[in-house]
Amino acid sequence: MAVKAVNINKFFVADRKGQIFVSTDQGISWTQKTNSTLNNIGRKFTISQNTNTVVLSCLGTAYISSDGGNTFNFITATNGGAHFQTQKPTSGQVIDVGGIFPSPAFSLSAWQFYTINGSGAATPVSSISCLSTEEIIDIHMKDDNIGYFMTRNSATNETLVYKTTNGWLNTSTIAAIPSPTASARAYDGRTGTIHTFGNDTVIISGSGNPTNNQTTFYHLSSDGGQTWSVVYPTFNHPTSVLGNQIYKMEFLNSKDYIALISNNFSGSIQASVGVYLNSSSAGSGGGSIGITEYLHQANRYAISLYPNPAQDRITVNLQRMTSQNLSIRLFTLTGQEVLKSGITQNGQSIEIGHLAPGLYIVDATDGSQHYSTKLIKR
């Protein structure tokens, strides 16, 4: 799946088939924008700074919108081999990259870069020679000129990084990064992602476990991709019921990230069991916290709030309250704890008038039982 928040109200989601859904009321209701019977596997959304251009990159056919997500067209360049897309953030110009497979061998010989217009048609702009064993991982623009393109050499298990400084009119190879250990594979097209921060910080993250896509490392460059160091994230279990690994990391800055939590398997093998936020600014203690979504249906629906949406106060009820000291905590979607309170019985109210309008995660602990739900603050 892929997900993107345009602002506090408007969200985009794509399912495994690449079907796109849009919400304009903080996720309360959804409108389906595309219909597919194929397993396109939506991978990531990119959105221009003016929010007019929206692109959903998939492992299959990709989609483009030029009207803020109201309508979508196929990107026709995706026919024949794997293709990935990115955008020039300011201009909204969509860039596509795919392989060239000349006859008679039909073996990969080069990467072709295209510009995409609003109807999804492609115009070739440049190409660069490559190894026949390379596979596309991700492409990303830092600004309208500087961009990074990442592939995997399946023969050596290296991650290859390309860079442009003029919007893909010219491209050069800047790094060949080996996997940290023989048992850990290089990044792949399902989970490999490029992140950029400031002028020179580049992070590539994704899967490192050869069996189940779990993340055991990521790579960091502080000089625009010239040199790289491997970083092993410390995953602290927020509670014992969560899984034992993280995957699909999304970086908020050069150190803080949010990731999905898996059990023994992840990705297409098993659904995630939670969301993990690693942040030096999260929580009252300044440490890492976990925001959990449980698989147990009884716990998921055992807590209720009313009114919801609310403006000044909320009343909390549990189906079965077993202790006399229920702990209530509210978090923003970025994991910041904004309220901590306790109640001794069902029906007690909590003051929330001081909170900013938006969507919050409500975390309740009743003895050994743990519950979570969502709150909309008007």
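Nothing in this text is a laboratory measurement; each read-out follows from the coordinates by a stated rule. Keep in mind that what you see is a predicted model, and the values were worked out from it rather than measured. Every residue, glycine among them, receives a Cβ derived from its backbone with ideal geometry; neighbour counts consider all protein chains shown.
Data table
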read-out: Chain lengthening between residue 1 and residue 197 when straightened (0.36 nm per residue, less Cα-Cα); value: 68.1 nm
read-out: Sites residue 133 and residue 190 - FRET efficiency at Förster radius 22 Å, r taken between beta-carbons, to 0.05; value: 0.75
read-out: Extension gain, residue 349 back to residue 312 (0.36 nm per residue minus Cα-Cα distance, nm); value: 12.3 nm
read-out: Backbone HN-Hα couplings from phi across region 16-31 [Karplus 6.51/-1.76/1.60, Hz, Gly and Pro as x]; value: 4, 7, x, 6, 9, 10, 10, 10, 10, 10, 6, x, 6, 10, 9, 10
read-out: Spacing of the two label points (7 Å from each Cα toward its C-beta) at residue 340 and residue 82, in nm; value: 4.5 nm
read-out: Links that overshoot a 21 Å alpha carbon limit, given the list 88/163; 163/255; 4/340; 163/248; value: 163/255; 4/340; 163/248
read-out: Where labels lie 7 Å past Cα in the beta-carbon direction, separation of residue 30 and residue 105 in nm; value: 4.5 nm
read-out: Ranked list, fewest to most other Cβ atoms within 10 Å of each Cβ, for 131, 108, 56; value: 131, 108, 56
read-out: Length gained when the stretch residue 67-residue 234 is fully extended (0.36 nm per residue, less Cα-Cα span); value: 56.0 nm
